[in-house]
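Here the structure comes first, spelled out in structure tokens, and everything after it is commentary.
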Amino acid sequence: MDDLAANLRLLAWLSPAFPTGGFAYSHGLEWAVEQREIHDANTLFAWLADVLRHGTGRSDAILLRHAHHAHACLDTLAEITELALATSASRERRAEAVGQGNAFAAATRPWNDTMLRNLAARVGDIPYAVAVGALAGHAGIAQDFAAAGLLQAFAANLISAAVRLVPLGQTAGLSVLARLEPVLAAVATETRTATLDDLGGCCFRSDLAAMRHETQYTRLFRS
């Protein structure tokens, strides 16, 4: 498949309209907004920049790249999946990753009815970053484009959640996305040579927010 056709597939898979259920997750933002740690565009930008550089954004980009490289080897994909699940920081984080990953695998069957199905039969739940990376590799989508696309979709989804939660106007939300472009590009670039031993993060406040969201009294989001 030529690059244009392959990239069109990725745009479809990462579209907000694609049925992965991403709109239902806030990645702990709901708790941070309730605590007034996120209350405007600037605090949202600072929170998301840290999550991308030092938290889930970086880790997911690494997982995607390794799943992309190993797309033709079921044994290696299974090992990457097990590692991704083992490094989930909390129950909600794991549920978010596998909920979207399993939904992605089901929704992309028109493009591939065997590879992700075989992986699911082997491991059960598939984290979202692993599912996207493996299928992007199978479809011949450039690894850099897939990594950047996943990071941008992740940031855009959390901005959408913040627009509803804070609340922020759409223009303010888009300004945050524009300001994050250098961060997205930097994380995508820096993870090119990362190994699975480089997985991990130091975005502790975000991890604590996800844990505290589990017992939050009023919740609109699943995480």
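Here are a few things to note about the model shown:
- Restricted to segment 122-161, and to residues there that are among the aromatic types (Phe, Trp, Tyr) and within 17 Å of residue 100 (Cα to Cα), the residue that is nearest to the chain's Cα centre (by Cα) is 154.
- When 146, 188, 178 are checked against the criterion of being small (Gly, Ala, Ser), surrounded by fewer than 20 Cβ atoms within 10 Å (Cβ to Cβ) and out of contact with any Phe, Trp or Tyr (no Cβ under 8 Å at 6 or more places or on another chain), 178 stands alone in meeting it.
- All of 39, 54, 69 fail the test of being more than 23 Å from residue 126 (Cβ to Cβ) and touching a helix residue (DSSP H, G or I) at 6+ places or on another chain (Cβ under 8 Å), apart from 39.
- Restricting segment 88-141 to residues that are acidic (Asp, Glu) and out of contact with any Phe, Trp or Tyr (no Cβ under 6 Å at 6 or more places or on another chain), the residue that is nearest to residue 158 (Cα to Cα) is 92.
- Selection status of residue 14, modelled with pLDDT of 95 or more, under 13 Å from the mean Cα position of the chain (by Cα) and among the hydrophobic types (A, V, I, L, M, F, W, C): yes
- All helices (runs of 4 or more DSSP H) inside segment 71-154 with 3 or more residues being without any contact (Cβ under 8 Å) to a residue 24 or more places away in the chain: 74-86, 115-123
The values are calculated or read from the model by the stated rules, or taken from the named source; none is laboratory data. Small disclaimer: the values here were computed from a predicted structure and weren't measured. Reconstructed Cβ throughout: ideal geometry from the backbone, glycine too, with neighbour counts over all protein chains shown.
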